[in-house]
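Beneath this line is the structure, given in structure tokens, with notes to follow.
The values are calculated or read from the model by the stated rules, or taken from the named source; none is laboratory data. Note that this is a predicted model, so its numbers are computed, not measured. Ideal geometry is used to build each Cβ from the backbone, glycine not excepted, and the neighbour counts take in all protein chains shown. Note: accessible area is taken over every heavy atom of the protein model, side chains too, but ligands, DNA and RNA are not part of it. Shrake-Rupley method; radii C 1.70, N 1.55, O 1.52, S 1.80 Å.
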Amino acid sequence: MQDQLNALRLEAENAISVAKTTSDLDETEVRYLGRKGRLTDMLKMLSGVSAEERPKLGALANDIKRQLEIMLASRRKQLEEEQYSKLSETERADVTEPGNRPPEGHLHPMTKAINEITEIFERIGFVRTRYPEVDWDFYAFESLNMPKDHPARDEWETFFMDAPVSKKGKMVLTPHTSNSQVRELERGEFPVRMINIAKCYRRQIDATHVPMFHQFEGLYVDKGVSIAHLRGVLDYFAQEFFGPERKTRLRPYHFRFTEPSFEIDITCGVCGGTGISAEKQKCKMCKRGWLELGGAGMVHPNVLKAGGVDPKKYSGFAFGWGVERTYSMKGGLNLDDIRILYKNDLRFLKQF
Ligand code: PHE
């Protein structure tokens, strides 16, 4: 029995010293000293030992018990201290460390451009409207002074819908935002100061075209509207959007739905309108000092009539420009392939 007690002591001492946590230690304590623990069992067995041997064995067992208790207490203290010192290591807060910013998205550059264009026109009383982006032939072409089979229609590489034909013709994906002109006039409220920004679709895809793009269409109709108003509004826009040093010019052009018609050019932001780069070379962006913004003109009397407006009383101007194109001309952001705008490549989009 003495040997058994000594063996048990060795085993228990070993278990105490290898315990890694205080809960390991609790288990060890229960296993040896608990009510049904191994040493407790041995103490109970003392009653079966001869009276001679009992005091000696009893003293030994009690001695072992006390020693184990002391060992347990000191090991517990040691483990607790270790745990606390680790805690101060892992839970230390450096209040001067900059916080972790959660990844935050932002609007697509075209959405930002659309918002900016909207705000610029709203400041001079234009109202952003919304009209269908799948519309009847009548609004996309016919009401714009382009009768059926007119060759001018070929310039708009149109997608036709596989849909029933109505009195207003076939349905098309709007190839320009000008479908809004007659729709807006039909409302019959004057003055008309519309800015319609919408998706347009054309059967074209290459470095300078995407099949889905955006245009912003301005329409101003009232009594006595002249080309001077058109110039004033265009200069205002160019200077607000591109910067105060930019200038515009009107170049004679032809559209069926405006008369007279113009292409609007703006001085190049890279060479400042000189056509000569800082290295005394031809400017790579514009080659001649001017960049084309897009079309404009005085609303054709036939368009006013199609919208139920008397051209003897009212006149107006309209313009329609590409958002992608206008945006990429801003600050010389020279995109060599505009398709990148719609590739959802974060390496590109994160730069805006
Ligand atoms: N709709 C024309 C285009 O897509 C642009 C334009 C709009 C021209 C309004 C004149 C007036 O090219």
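Brief remarks follow.
- For the chain, the Stokes-Einstein estimate of translational diffusion at 4 °C and a viscosity of 1.567 mPa s comes to 48 µm²/s, using the Kirkwood hydrodynamic radius over alpha-carbon pairs.
- Dipole magnitude for segment 109-349: about 280 debye, using +1 per Lys or Arg Cβ and -1 per Asp or Glu Cβ, origin at the Cα centre.
- Left without a cysteine partner by the 4.7 Å Cβ rule in the chain: Cys200.
- Pairs of lysine residues in segment 2-90 that meet both criteria, 8 or more places apart or on different chains and Cα atoms under 16 Å apart, total 8.
- Each Lys or Arg adds one and each Asp or Glu takes one away; over the other residues whose Cβ falls under 10 Å from the Cβ of Arg9, this sums to -2.
- Restriction of the GluC sites (Glu not before Pro) in segment 249-316 to DSSP coil positions whose beta-carbon has at most 11 other beta-carbons within 10 angstrom yields Glu279.
- Helical contribution to [θ] at 222 nm, DSSP H n ≥ 4, -39,500 (n - 2.57), averaged over the chain, rounded to 500: -12000 deg cm²/dmol
- Net charge of Cβ neighbours under 12 Å - reference Arg231; Lys, Arg +1; Asp, Glu -1: +1
- Per DSSP, loop GluC sites (Glu not before Pro) in segment 24-126 with at most 14 further Cβ within 10 Å: Glu52, Glu91, Glu104
- If only the Cβ of Lys and Arg carry +1 and only the Cβ of Asp and Glu carry -1, the dipole of segment 66-172 around its Cα centre is close to 420 debye.
- Solvent-accessible surface of protein heavy atoms, probed at 1.4 angstrom with all chains present, puts Phe190, Phe126 in the order Phe190, Phe126, largest first.
- Of the trypsin sites (Lys or Arg not before Pro) found in segment 246-352, those in coil by DSSP whose Cβ has at most 16 other Cβ atoms within 10 Å are Lys247, Lys280, Lys284, Lys287, Arg288, Lys312, Lys313, Lys343, Lys350.
- Counting only protein heavy atoms and a probe of 1.4 Å, the accessible surface of segment 18-126 is 52% carbon and sulfur.
- Taking Lys and Arg as +1 and Asp and Glu as -1, the other residues whose beta-carbon sits under 14 Å from that of Gln281 total +4.
- Acute angle (nearest 10 degrees) that the helix 22-33 long axis makes with the longest principal axis of the chain, alpha-carbon atoms: 30
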